[in-house]
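Comments concern the structure below.
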Amino acid sequence: MLEAYLKDALVARLTAWADDEVVLAQRLSEWVGHAPILEEDIAIANLAQDELGHAKVWLELRQELDGSDPDRLVYFRDPLEFQNAVLVELPKGDWAFTMVRQYLFDAYENLWLKEATRSVYAPLAEAASRILKEERFHLKHSSLWVERLGQGTEESHRRAQEALETLFPYVRQLFQPLPGDEALVEAGVVPDLKALEAPYLEEVTAHMVRSGLRPPEGGYVPKSRQEHTEYLWSLLAEMQSVARWDPEAKAW
Amino acid sequence: MVKLRIGYPEDPDYQERLAEFEARIARGEKIEPGDWMPAEYRAQLIRMISQHAHSEWVGMLPEGAWITRAPSIRRKLILLAKVQDEAGHGQYLYHAAETLGITREEMVEVLLSGKAKYSNIFNYPTLTWADVGIIGWLVDGMAIKNQTMLAQCSYGPYSRAMVRICAEETFHHKQGKEAVLLYARGSKKQRQMVQDALNRWWWPTLMMAGPHDTDSPHTPLLLRWGIKTKTNDQIRQEFLNEHVPELLEAGLEIPDPDLRYDERTGNWLHGPIPWDEFWRVIRGEGPMNRHRLEARRRAHEEGRWVREALEAYARKQFAQAAD
């Protein structure tokens, strides 16, 4: 059982994780039917399903804590209420942008999920081990793509390098603690994200270098998960358009 | 010595081989890729299987357009899985066609040039979310009738691909029906939306089974060689008999004033099908023909540098391994 004082903090943490997945799944969904090869249409539809499925897991854990309805949270919250990181809301770009982003996100997920399997909060630990199994495949897929694009042709290298330059500064936002995180970490409920940042940067930098790519120095890092770009509003407007179209509809 | 082209009537053993081939089909044996087959059998199969593969690949577009707008987490997961299945069906159908001596690249080129056909149904637009439900229930319902028949096909790889596809299509059909039934008893706007979708998709769905038997030039040969085991009209009839009562029970109105139940045969009979429209769409003059092809061409063009990178990377890996 979770102590009452940790409940609100965990609700916020689960929401942030879920929002990352919901928004990334939306960006991946935009590719379905338009991938460079048929096999990647299959892969990207699968990735989108998995990410959205993970969002569902986090929102159902939240539901157990506060009774909230996952669909209401996804389809009826306004853009300023979303707690996703900027990394996942940026437009899908080209295949290099999508795959470099996916790699950066997958590496982060693999790292913190591994730690989360040791959570003292059993439902979280179980969910993390389940999700980690899928995330290992994601990381295999996206890390290979980074390598292929980095080492492929001059053009693919150029595109991957450009994508990395835009995306890389944003990864730091993923490791920022939420206001309630400290208490959760202390109680052993969630991993200490701040402590994972250095090993993460080391791991992804090594893979980039192996792939012939160079992570940039500096760049803008959002200060908190309240920050967004101009792209989030239209992403959510599209995603929520049918659900909000008929206020009288009771079920979809 | 002149090399004889295998499977053509100028082969002196052609008649004998043909008789043996037809006897195998009559015994219910499957024809496999390395087996002798008439050139015309091979040509008909390449035509049918590649069209079928293209239909899956193009067919991802009308429904795929709604993934980003699916109104609940569950619907979105289902639709993603469904469109993913369609890509998978495309993939193994292209493989099945490749067993007949054509490459995926060749087939794709014919599609992108605008010469290949694919199911006419995908040349209609999906205007509302309800279209996704109607496509699942009716369009996939008709596809299942056709594919269940093709699972009996005399060509082994096609038949086996169909067995697998039918299993997945059954889930597509079920989710579509479930959504339509929900909206048919939902809010006023949901009811209107689903009726409108039915109005627009009804006739194109009936036309999916193909022209009447009397206007279908390929049918007799396809039946004789066990490529098809039922005619277009038989497939259409099976579809009507299953779906009409269920649609009516759901409180939906079928947009055919002549639709009637025939006590004597137990069949639901439809009114005149607008074949002019069918042939127009086949000729490329449907509402979405240009847009579907453009979407396929754009993805192909924009993916070119990716495929080049894949090849370059593979070459480098191979060279390294050889060192």
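Values quoted throughout were computed directly from the atomic coordinates according to the rules given, and no laboratory measurement underlies them. Bear in mind that the values here come from a model prediction, so they are computed numbers and not experimental data. Reconstructed Cβ throughout: ideal geometry from the backbone, glycine too, with neighbour counts over all protein chains shown.
Taking the Cα centre as origin and putting +1 on Lys and Arg beta-carbons and -1 on Asp and Glu beta-carbons, what dipole magnitude results for the stretch B:14-287, to the nearest 20 debye?
680 debye
Applying 1/(1 + (r/R0)^6) with R0 = 30 Å to the Cβ-Cβ distance of residue B:15 and residue B:283, what FRET efficiency is obtained, to the nearest 0.05?
0.20
Among the complete DSSP H segments of chain A, which ones combine at least 24 Å of alpha-carbon extent along their axis with a mean Kyte-Doolittle hydropathy of -0.5 or more?
Correct list, ordered by number: A:4-29, A:38-66, A:95-116, A:122-151, A:193-210.
Just to be sure I follow: if Rg is taken over the C-alpha atoms of the stretch B:124-176 and Rh is the Kirkwood radius over the same atoms, what is Rg/Rh?
Reported Rg/Rh, Kirkwood definition of Rh: 1.09.
Quick check for me: using +1 on Lys/Arg Cβ and -1 on Asp/Glu Cβ, what's the dipole size of the stretch A:115-252 about its Cα centre, in debye to the nearest 20?
It works out to roughly 320 debye.
Hey, what's the Cα Rg ratio for chain B versus the globular rule of thumb, 2.2 N^0.38 Å?
Its radius of gyration relative to the 2.2 N^0.38 Å reference: 1.10.
Based on the Cα coordinates of the protein assembly as shown, what is the per residue volume of their convex hull in Å³?
188 Å³
What is the ratio of the Cα radius of gyration of the stretch B:174-301 to 2.2 N^0.38 Å, where N is its residue count, to two decimals?
Normalised Cα radius of gyration, the stretch B:174-301: 1.26.
Using only atoms on other chains, find how many Cβ atoms lie within 10 Å of each Cβ of peptide A:238-244 and report the average.
Mean shielding count: 5.
For the stretch B:1-150, with the dipole built from +1 on Lys and Arg beta-carbon atoms and -1 on Asp and Glu ones, taken about the Cα centre, which of B:65, B:144, B:37 lies farthest toward the positive end?
In the stretch B:1-150, that residue is B:65.
Between their Cα atoms, which of A:194/A:223; A:114/A:223; B:145/B:230; B:76/B:177 are more than 19 Å away from each other?
Table pairs above 19 Å Cα-Cα are A:114/A:223.
Counting other beta carbons within 10 Å of each residue's own, what order do A:97, A:105 fall into, fewest first?
A:97, A:105
Given B:179, B:320, B:220, which one lies farthest toward the positive end of the charge dipole of the protein assembly as shown, if we put +1 on the Cβ of every Lys and Arg and -1 on the Cβ of every Asp and Glu?
Checked the options; the winner is B:220.
With a ≥ b ≥ c the root eigenvalues of the C-alpha gyration tensor of chain A, is it rounded (a/c under 1.5), prolate (a/b larger than b/c) or oblate?
It comes out oblate by the Cα gyration axes.
Alpha carbon centre of the stretch A:1-49 versus the stretch A:173-252: separation in Å?
Each part reduced to its Cα centre gives a spacing of 11 Å.
Note down the relative contact order for the stretch A:4-240 as a percent, whole number, built from C-alpha pairs under 8 angstrom at least six residues apart.
Reported relative contact order: 26 percent.
Tell me which trypsin sites (Lys or Arg not before Pro) from the stretch B:48-122 have a DSSP coil assignment and no more than 10 other beta carbons within 10 Å of their own.
B:115
Would you calculate a helix-derived [θ] at 222 nm for the protein assembly as shown, using -39,500 (n - 2.57) for each DSSP H run of n ≥ 4 and dividing by the full residue count, to the nearest 500?
Computed mean residue ellipticity for the protein assembly as shown: -21500 deg cm²/dmol.
Treating the beta-carbon of each Lys and Arg as +1 and of each Asp and Glu as -1, no other charges, what is the dipole magnitude of the protein assembly as shown about its Cα centre, to the nearest 20 debye?
640 debye
Can you tell me the 0 to 90 degree angle between the C-alpha axis of helix B:14-26 and the longest principal axis of chain B, rounded to 10?
The helix B:14-26 is inclined about 40 degrees to chain B.
Normalised by the residues of the stretch B:211-283, what does the relative contact order come to in percent, with Cα pairs under 8 Å and at least six apart?
Reported relative contact order: 21 percent.
Going by C-beta contacts inside 10 Å, put B:79, B:240, B:222 in order with the fewest on the left.
If I rank by nearby Cβ atoms, fewest first, I get B:222, B:240, B:79.
Compute the angle between helix B:39-64 and the longest alpha-carbon principal axis of chain B, please, reported from 0 to 90 degrees and rounded to the nearest 10.
40 degrees
What area, in nm² and to one decimal, does the C-alpha convex hull of the stretch B:11-97 cast on average over all directions?
7.3 nm²
What is the order of B:180, B:83, A:120, A:86, fewest Cβ neighbours within 10 Å to most?
Going from least to most buried by this count: A:120, A:86, B:180, B:83.
Rule-of-thumb check for the stretch B:1-149: C-alpha Rg over 2.2 N^0.38 Å?
1.32
Using r as the Cβ-Cβ distance of residue B:174 and residue A:122, and R0 as 60 Å, what FRET efficiency do you calculate, to the nearest 0.05?
After rounding to 0.05, the efficiency reads 0.95.
Under the Karplus relation 6.51 cos²θ - 1.76 cosθ + 1.60, θ = phi - 60°, what is the ordered set of whole-Hz ³J(HN,Hα) values for the stretch B:95-104, x standing for Gly and Pro?
5, 4, 5, 4, 5, 9, x, 10, 9, 4
Would you please give the residues with an amide H less than 5 Å from that of residue B:155, counting only those at least 5 places away or on a separate chain, with H modeled from the backbone geometry?
B:31
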